[in-house]
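Notes for the one structure printed next.
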Amino acid sequence: MFDDVETVVDLSNPIESDIPTYPNFPNVRVETTDYAARDGFTMERVEMRSHTATHVDAPRHFIPEGKTLDEFPIETFMGEGIALDLTPLEPAEPIEPEHIEPFGDEIEPGDVVMLHTGWDDHYGWTGEYVMRYPFLSGEGAQYLAELEPKAVGIDTPSVAGWVDEVPAQGPVTEIGPDESHLPLLENDIIPIEELRNLDQVLEGAESRRATFFYPPLRLQGVGGCSARAFAFL
């Protein structure tokens, strides 16, 4: 299969100290603990929440008795699929069925569906990126679930909108995170959040098929984990 690959697109955000995270998460810390010149080897300690940077969710994230990531076969985290250009979208705009319906005939059961909002252009500690990003409404998530994809990815911090409160920003929506997540997770559809570079997959097209990979670490018993996501074209 690799002989036929012309382009590999990295869809992952970096992991380093103080990268943008959900504002009510502790900051990421990447600290060097040992140095080769002093200790004979170099080693680091990494501290972060499991839903940090580009990551995948498992049903356990919202369903108390739902599956954890290790209960899915590795093939769950790769597959053929399609990137969809949903731009332009407004800050905090819910993604409704009508945004996706024009592509409905192109989405096949078992596809990985990648939603390009263009919001990775705002990447950083900005209100636009960490709180006022587009997200799936409950109806939008349900519409996607009925198309039977294996995963749904988005280039924003979450498939759900910001509903918490920090000093500089209150909730941007009354749509609960469960409304955006549960139609997917109840059907074992994996959300892939905080992607980037989907414009490089699309290359100006409104939709484009590709092969996507988004494997998490092999952590046991978790409802989510950072992933290294990329696309083969």
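Distance between the 7 Å Cα→Cβ label points at E128 and F213: 3.2 nm.
Grab the beta carbon distance between N187 and V8, set R0 = 45 Å, and tell me the FRET efficiency rounded to 0.05. Could you put the intermediate results ahead of the total?
Values: r = 30 Å, r/R0 = 0.66.
Step by step, r from the Cβ atoms, then E = 0.95.
Placing unit charges on the Cβ atoms of the charged side chains and taking the dipole of the chain about its Cα centre, the candidate lying farthest along the positive direction among P97, I189, F230 is F230.
Using the Karplus relation 6.51 cos²θ - 1.76 cosθ + 1.60 with θ = phi - 60°, the per-residue 3J(HN,Hα) values for segment 140-149 come to x, 5, 5, 4, 4, 4, 5, 7, 6, x Hz, with x marking Gly and Pro.
What number results when the radius of gyration of segment 58-151, computed over Cα atoms, is divided by 2.2 N^0.38 Å?
1.19
Ignoring solvent entirely, what values of log10 I(q)/I(0) come out of the Debye formula for the chain at 0.11, 0.13 Å⁻¹ when each Cα is a single scatterer? Results for the chain at q = 0.11, 0.13 Å⁻¹ read -0.54, -0.75. Between E71 and E31, the contour length at 0.36 nm per residue exceeds the alpha carbon distance by 11.3 nm. Projected onto its three principal axes, the C-alpha set of segment 8-95 covers 52, 35, 33 Å, listed from the longest axis down. When the alpha-carbon atoms of segment 89-193 are used, the pair Rg, Dmax equals 13.3, 44 angstrom. One decimal place: the segment E165-D39 gains 40.9 nm when fully extended, by the rule 0.36 nm per residue minus the C-alpha distance.
Let me know the charge dipole size of the chain about its Cα centre in debye, to the nearest 20, where only the beta-carbon of Lys, Arg (+1) and Asp, Glu (-1) is charged.
Values: 13 positive and 46 negative charges, 199 e Å.
My answer is approximately 960 debye.
Bear in mind that the values in this text are calculations on the coordinates, not laboratory data. Just so it is clear, the structure is predicted and the values come from calculations on it, not from any experiment. Cβ sites come from the backbone with ideal geometry, for glycine too, and all protein chains shown count toward neighbours.
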